[in-house]
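Just so it is clear, none of the values below were taken in a lab; they were calculated from the coordinates. Given the structure is predicted, the values throughout are model-derived calculations rather than measurements. Using ideal geometry, Cβ is built from the backbone for each residue, glycine included, and neighbour counts are taken over all protein chains shown.
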Amino acid sequence: MENSSTYSPLLIASRWKDYALLNAGSGMKLEKWGEYTLVRPDPQVIWPQHGKAMGAKWEKWDGFYHRSDQGGGRWEFRRETPEYWTIQYSSLGLKFKIHPTSFKHTGLFPEQAVNWEWFSSKIKSAKAAGREVSVLNLFGYTGAATSAAAAAGASVCHVDAAEGMVKWARENAALSGLSKAPIRYIVDDCLKFVRREQKRGRLYDAIIMDPPTYGRGSGGEMWRLEDSLWELLCECRAVLQPRPLFVLINAYTARLSPTVVLNLLAELMHGRGGSLSGGEVGLPIQHDGKVLPCGIYGRWEADA
């Protein structure tokens, strides 16, 4: 049984109230995170900057990330900001801790809201039909997808090799009122963990993964997306229920196209029917109506 496939050019995360991409140009983006406004570099922003500008800056910002020629960078704050603050995604009743880190990130990728909405709907529909849903979230980072899946009614296994990120995921779940939700938090190399789950005979109804381009496991294992992703997917196939609900892959590397992800999913789910969809995710730019592309996704979902 073949999978039907659909390519969606772009999904835009436009339902945010506490977050906004105010402007973007000349390698930088101006964002509103709750009551604080941050300027950060973005390699996709290669068009010129417009609006009120001061050199490479906009006039009104609270924090500005300066990239270093030696790698990394530093934040400059001209308004006192707390170590962290929170924002809400009211559409799903979720709350997240925002903390500007030394590697420019804030702990949240707001464009992923389009995927939270999608799989939350899948989980809620399955629950309404009397099905219990277990989700494996690999490379779970700070747990936004984990919280979204748990809030929809799934039991979730959250896996990340970075202990600090797993702690942050627990904090995000607690902020969303999910401290007692059925979530397992695992600090481990994702490939090794999935292989152990096979030996334990544990199966999942759905898998979410957000693999990095490069990374290291908890034991120093080297991860390269192009070399390692198919191996991981093959191991994941062995922990899927015979009638899985969905599989979602997100990626941020410019070297991987949505078509490649769809091809991988087609191979992975061959013979199981269902449908495939994939494309880009992005954020609307308030100033001029452009869209900032923020990564790619591929989805497999069971037939209704």
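Can you give the local net charge around Asn115? Use residues other than it whose beta-carbon is closer than 13 angstrom to its beta-carbon, Lys and Arg +1, Asp and Glu -1.
Once positives and negatives cancel, what remains is -2.
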query: Using unit Cβ charges (K, R positive; D, E negative) and no other charged atoms, how large, in debye to the nearest 20, is the dipole of the stretch 19-98 about its Cα centre?
result: 80
- line: Residues Val135, Val166, Val156, Val291 in order from fewest to most other beta-carbon atoms within 10 Å are Val291, Val166, Val135, Val156
- prompt: Relative to the Cα centre, what is the charge dipole magnitude of the chain, using +1 at the beta carbon of each Lys and Arg, -1 at the beta carbon of each Asp and Glu, and rounding to the nearest 20 debye?
  reply: 540
task: For Lys29, go through the lysines and keep the ones whose alpha-carbon is under 16 Å away, minus same-chain ones fewer than eight residues off.
output: Lys52, Lys57, Lys60, Lys104, Lys290
- line: The local net charge around Val291, scoring Lys/Arg +1 and Asp/Glu -1 for residues other than Val291 whose Cβ lies under 14 Å from its Cβ, equals -2
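Give me Leu10, Leu232 ranked fewest to most by other Cβ atoms within 10 Å of their Cβ, as a rough exposure proxy.
Going from sparsest to densest Cβ surroundings: Leu10, Leu232.
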- line: Fewest-first ordering of Trp58, Trp33, Trp47 by Cβ atoms within 10 Å yields Trp47, Trp58, Trp33
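In the P(r) worked out for the stretch 52-211, what percent of Cα pairs fall beyond 18 Å?
Summing the P(r) of the stretch 52-211 above 18 Å gives 63 percent of all pairs.
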- request: Please report the relative contact order for the stretch 19-98, taking Cα pairs under 8 Å with a sequence separation of at least 6, and give it as a percent rounded to a whole number.
  value: 21
message: For Rg and Dmax of the Cα atoms in Å, pick the label among [x] 19.4, 55; [y] 23.9, 79; [z] 19.3, 59 that corresponds to the value derived from the coordinates.
response: [z]
Rel. contact order, % - alpha carbon contacts under 8 angstrom, at least six apart, the chain: 20
field: Reachable lysines, given that their alpha-carbon falls under 23 Å from the alpha-carbon of Lys122 and they are not under 8 places away in the same chain
entry: Lys95, Lys180
Pair-distance profile P(r), taking every C-alpha pair of the stretch 230-304, with 5 angstrom steps and integer %: 3, 15, 24, 21, 15, 10, 6, 4, 2, 0
The stretch 190-295 - charge dipole about Cα centre, Lys and Arg +1 at Cβ, Asp and Glu -1, debye rounded to 20: 480
- request: Mind pulling up the Rg/Rh value for the stretch 147-304? Radius of gyration and Kirkwood radius, both on Cα.
  value: 0.97
- line: Taking the square root of 5λ for each eigenvalue of the C-alpha gyration tensor of the stretch 19-98, the equivalent ellipsoid has semi-axes, largest first and in whole angstrom, of 23, 16, 13
